[in-house]
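Taken together, the values in this text are just the output of simple stated rules run on the coordinates, not laboratory data. Note that this is a predicted model, so its numbers are computed, not measured. Note that we place each Cβ from the backbone using ideal geometry, even for glycine, and neighbour counts take in every protein chain shown.
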Amino acid sequence: MVAAKDSYSPYSNGITVSPLTNSVINLDQGDPVVFEPYWKKRSDEYTTVIKGNDLMSYMSDPNDVCWFMLPETKYAIKRIHSLVGNAETEDKHIVVGAGSSQLFLAALFALCPSDSSQPINVVSQAPYYSEYQDQIGFLGSRLFQWGGDAALYDKNDPYIEVVCSPNNPDGIIQEPVVKSEAKGKLIHDLAYYWPHYTPITHKVDHDVSLFTFSKCTGHAGSRVGMRERWEKLRAAIGQSNIFTAANYPKAYCNFTNESSQTYPGFAWLKSDEGIEDAKSYLGKLNVLVREGNRFSAGQNYVRVTMLGPDDVFNELLARLSNAKRL
Ligand code: PMP
């Protein structure tokens, strides 16, 4: 039976009927379509018109390091950081790109020594965002190479450490961890340092900080609360006792003026002791997720996106709350 979307509830006395029943639900990627209903309601207010004669020159501001960026864009970026209080922008250069993935590679290129005979090692504390390793691998640069878990880095060679905070996949607030005496440079990936994911405790003031509109406003294609979903997810996994999710400490958020905890864009789930391969277990429930090994963690971990559309998220809740030992 197929129920109308509006009448569907994952907690309807154990009766789980939904248009997605029996279909595969893909929660592997972090596509932030969760924000779509919010923007749909406001689409008239925020429609942008680009006229045929707009944006003709390569140069928007020849005096700026990022000469192709419109001065209005720079102003808006500074304004949002100042309003939220999550980053110092005075005396900083603002550089935009097609998403922070492009900027990550640009930052690596900029930080690499030009005179080195061997590629510099790029490391990040495990579990780390799987795309760091993948992107470096795809590019096959002679300037930099993937160096693995930053906590295990003990070579005497220079390195670049990527500090992702709150971390993807597990939502932990992180600091640099490399212990080596060698010379290191830092890239801070702050994709999730926005008040809908975590308390804003201070203005970061690093040499290189990466932010992205894809996680701030949800505009991943052009290059807002989460909290409710986390409460529902914890209730669903509590019903079946097969998975556990980490608990996050509370902190005072300078933006909301409230004490709150981190609500990451991904759930980092650990399976119960009897279930060694968490991805295969969820595969049997037709739920696609990203396996712990991709983040240098064990097979008993999986990363599940919390940023998908409502109907897919509700279907996940129904399958998790009804899950039994298979
Ligand atoms: N860093 C982290 C930690 C991410 O989770 C993501 C997106 N999943 C990115 C960077 C890339 O973001 P963008 O869409 O801007 O390329």
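At-a-glance table
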item	result
The stretch 128-200: Cα Rg divided by the 2.2 N^0.38 Å rule of thumb	1.18
Dipole-positive endmost among 210, 193, 283 within the chain (Cβ charges, Cα centre)	283
Over 25 Å [Cα-Cα, the stretch 181-318], rounded percent	37
GluC sites (Glu not before Pro) restricted to DSSP loop in the stretch 82-150 with at most 10 other C-beta within 10 Å	90
Sum of -39500 (n - 2.57) over DSSP H runs of 4+, divided by residues of the chain (222 nm, nearest 500)	-7000 deg cm²/dmol
Spatially proximal lysines relative to residue 74 (Cα-Cα < 20 Å; intrachain offsets below 8 disregarded)	92, 203, 215
Dimensionless Rg/Rh of the stretch 254-326 - Kirkwood Rh, Rg from C-alpha atoms	1.05
Assigned charges on the beta-carbon of Lys, Arg, Asp, Glu; the chain dipole about Cα centre (debye)	680
Kirkwood Rh in Å, taken over all unlike Cα pairs in the chain	21.7
Kirkwood hydrodynamic radius (C-alpha pairs) into Stokes-Einstein, the stretch 263-304, 37 °C and 0.692 mPa s, D in µm²/s	322
P(r) tail fraction, the stretch 24-149 - alpha-carbon pairs more than 20 Å apart, %	66
The stretch 174-221: projected area of the alpha-carbon convex hull, averaged over directions, in nm²	4.4
Euclidean distance of C-alpha centroids, the stretch 150-182 and the stretch 276-326, integer Å	27
Rg over Rh [alpha-carbon atoms, Kirkwood Rh] for the stretch 193-270	1.02
The stretch 50-104: radius of gyration and largest Cα-Cα distance (Dmax), Å	12.6, 36
